[in-house]
Amino acid sequence: MAINKVSDFLTLIQSSGTTYQGDESDQVYSLIPSFLESGETITIIDQGGSNRIELAEGLTITSSILVHNEALLYLSNGSVVNIRGADTFTFAVSANAAAGITGADKDFPTFALDVLGQSLPAEGESAVTVSNQSVIYAGGAVDIIPTDPTDPTDPTDPTDPTDPTDPTDSLLTQAQAKSSTNATTGTLPTTGDSPALESGKYWSSTNVTYSYNLTEPADYADEDLSGFIAFPDAAKPSVEASFADIATFTPLTFSEVSVDGDIEWNAVAQSGNTDAYAYYPGSGISGDVFLNNEYTTSEQYTAGQSPFFTVIHELGHAMGLDHSFEGDATLPADEENITHSVMSYTDYHNYTMEFTLPGNSINSQPVSSYYTTGYALYDVMALQAAYGVNTSHNSTDTTYTVGFGTTVQEVIWDAGGTDLIDASAATGVCTVDLREQKFSSIDVKDAATQAAEKVTEMGITSQTFINFINDQYTNLGDQLYTGEMNLAISKGVVIENVTTGSANDSVQDNAVDNVISTGAGDDIIILNQGGFDTVNGGTGTDTVQLSIASSAAQVEKQTDGSYIVLADSFAAQLTGVESLQFTDTTTTLA
């Protein structure tokens, strides 16, 4: 099947299940029922030039789904057209006196209101469904310019434009037919996805209340508490930040009440090695949290410090999360750490070093300043399995700017849109995996790199001191924050695009159309999941790795210098890539 650009300004959509991305020119996209397959979806994306959508030969819209800048139109022949960036188009509407429609091109808001009878939702609002419409577009037939079978540059199909396997289609056209887009989510978490963390005890309401106890409540008489103090104001921002984090990925809301909240927050003296504790929902003093009364200052509750992390951990219990290391199920030994779950006691990649120069000496101190300020991957999945997902958080096009020190055990929950992981400022190595439930390492700086940066920062020239600083970073081992595994994509999340920085980076694609740009450095791009990917390797010597034999792929150089790679399960357009690595050989690209 092909998308037929029959003139410089007219594009006849002749296939289904494909995506057309326009150029900077003015275009009319004409949809004709005889060329559209029932039950299939076409996606049109064109934000350059002045563009128009036109339905011809009496084609009608039977229903639609609208967001603030996108339309999903269900047509009378059973096909569907998804218009991305619909606010950049006009819509050709024929006069229909009975329906009160005047014949004119209408912009998207006017089209939605006048023709579909629905005001567009604002950005971030839920989509709206318009049912039982019968809207007639421009009714005139389109004159199709005949193709020239003797012209090898003709992008149209001179034989059968509806046959996706026809070898007379250009390789680019065949590659575009591999397009796969998913603007929403994949498979969402369910019970059993994070068994080590699932207690089975959860709140039944989607609105959970909380309160801060200033004096000891009477119903704590049997708790044998000591050192009860008014809950510190300094701790409240960390509590509210933790509630806010949960609200980004679940449909829960949290409301403060003056007394007797579902979750009551307390500060008391702790005994032994205990730093804090909390109850599950519905057991004991259900959901209540007891922090250490020794932590009372804003400095102690600074984001990234241990007391802040303790709040996150104890609230996890109050929401129904179990420890990751006890109970009927536990995390595997190589995952039983705080990178995978805040319900672990095992520190991992969360320390750095601080140095002082008193007199002619140097002192060092490991500092736990890289504790996460939000829930980790398995926690997010477990809480979503218990309470459901937030379907509106980051549901439009979102850019995630990431880098060393600013991205610490971050979990991306994204409900839709076309999204970008932007690591373009990174100077350390980036290893990015766009697949769901996978970790990426962004802007990695190992012990030697951090030690060298610290030496430069402090202006140290003594080799003895330099050796000492190197040793202190090295001795932290796995506790040193390096940027390894500092970003995770949660289950059900689709992130389409990524840009990396100046180091020797690697990127793994996912099953939808990806735009992958790897900047400077000798980069590796792994393509094996599907879709029609666009890769720009930038400068350096870059390699695309393919998990197929060379005989299973077609490779063709385009007039713009890019290469099209086409295989059964995926396709890609490559720019700035120097070699293709197959399972049996490596091909150098000119």
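The values are calculated or read from the model by the stated rules, or taken from the named source; none is laboratory data. Quick caveat, the model's predicted, so the values are computed rather than measured. Quick reminder, even Gly has a Cβ in these numbers, built from the backbone with ideal geometry, and neighbours come from all protein chains shown. These accessible areas exclude ligands, DNA and RNA; they are computed on the full protein's heavy atoms, side chains included. Shrake-Rupley method; radii C 1.70, N 1.55, O 1.52, S 1.80 Å.
General observations
- Peptides 555-563, 59-67 ordered by average Cβ neighbours within 10 Å, highest first: 59-67, 555-563
- The angle between the Cα long axis of helix 236-249 and the longest principal axis of the Cα atoms of the chain comes to about 30 degrees, rounded to the nearest 10.
- Using the Stokes-Einstein relation with a Kirkwood hydrodynamic radius computed over Cα pairs, the translational diffusion coefficient of segment 373-464 at 10 °C and a viscosity of 1.306 mPa s comes to 101 µm²/s.
- Equivalent-ellipsoid semi-axes of segment 350-407, from the Cα gyration tensor, Å, largest first: 39, 16, 6
- Temperature 10 °C, viscosity 1.306 mPa s: under these conditions the Stokes-Einstein estimate for the chain, based on its Kirkwood radius over C-alpha pairs, is 58 µm² per second.
- Over every Cα atom in segment 436-556, the radius of gyration and the widest Cα-Cα span, Dmax, amount to 18.9, 59 Å.
- The local environment of ASN69, defined by Cβ-Cβ distances under 10 Å, has a net charge of -3 under the rule Lys, Arg +1 and Asp, Glu -1.
- Exceeding the 32 Å Cα-Cα cut-off - candidates LYS201/LYS491; LYS178/LYS445; LYS236/LYS491: LYS178/LYS445
- Proximity of backbone amide H atoms, modeled 1.01 Å from N, is registered between THR43 and THR18, THR19, TYR20, ASN82 at under 5 Å, excluding neighbours fewer than 5 places apart on the same chain.
- Amide H contacts of TYR210 (H built 1.01 Å from N, under 5 Å, at least 5 apart or other chain): SER255, GLU256, VAL257, ASP262, ILE263
- Pair-distance distribution of segment 201-331: all C-alpha pairs, bin width 5 Å, starting at 0; shares per bin in whole percent are 2, 10, 21, 25, 22, 14, 6, 1.
- Virtual spin-label span in nm between LEU357 and TYR345, 7 Å along Cα→Cβ: 4.1 nm
- The modelled label-to-label distance for the pair SER204/ASP471, using points 7 Å beyond Cα in the direction of Cβ, is 6.2 nm.
- The H on the amide N of SER490, modeled in the peptide plane, is under 5 Å from the matching H of ILE412, GLN437, each at least 5 residues off or on a different chain.
- Peptides 507-514, 83-90 ordered by packing proxy, namely the average of other Cβ atoms within 10 Å per residue, highest first: 507-514, 83-90.
- Förster radius 56 Å - calculated FRET efficiency between ASP233 and SER76, Cβ distance, rounded to 0.05: 0.35
- Added length on full extension, which subtracts the Cα-Cα distance from 0.36 nm per residue, ASP560 to SER298: 88.5 nm
- Given +1 at the Cβ of Lys and Arg, -1 at the Cβ of Asp and Glu and no other charges, the dipole of the chain around its Cα centre is 380 debye to the nearest 20.
- Cα centroid of segment 474-511 to Cα centroid of segment 301-343, whole Å: 21 Å
- In plain terms, the chain from GLN463 to ALA329 could stretch by 43.2 nm, reckoned as 0.36 nm per residue minus the Cα-Cα distance.
- For ALA122 and THR575, the FRET efficiency from 1/(1 + (r/R0)^6), where r spans their Cβ atoms and R0 equals 51 Å, is about 0.85.
- Segment 307-359: proportion of alpha-carbon pairs further apart than 13 angstrom, %: 64 percent
- From most to least packed by mean Cβ count within 10 Å, the peptides 252-263, 415-426 give 415-426, 252-263.
- Fraction of accessible area attributable to carbon and sulfur, the chain (%, probe 1.4 Å): 47 percent
- Separation of alpha-carbon centers, segment 550-590 and segment 345-389, rounded to whole Å: 42 Å
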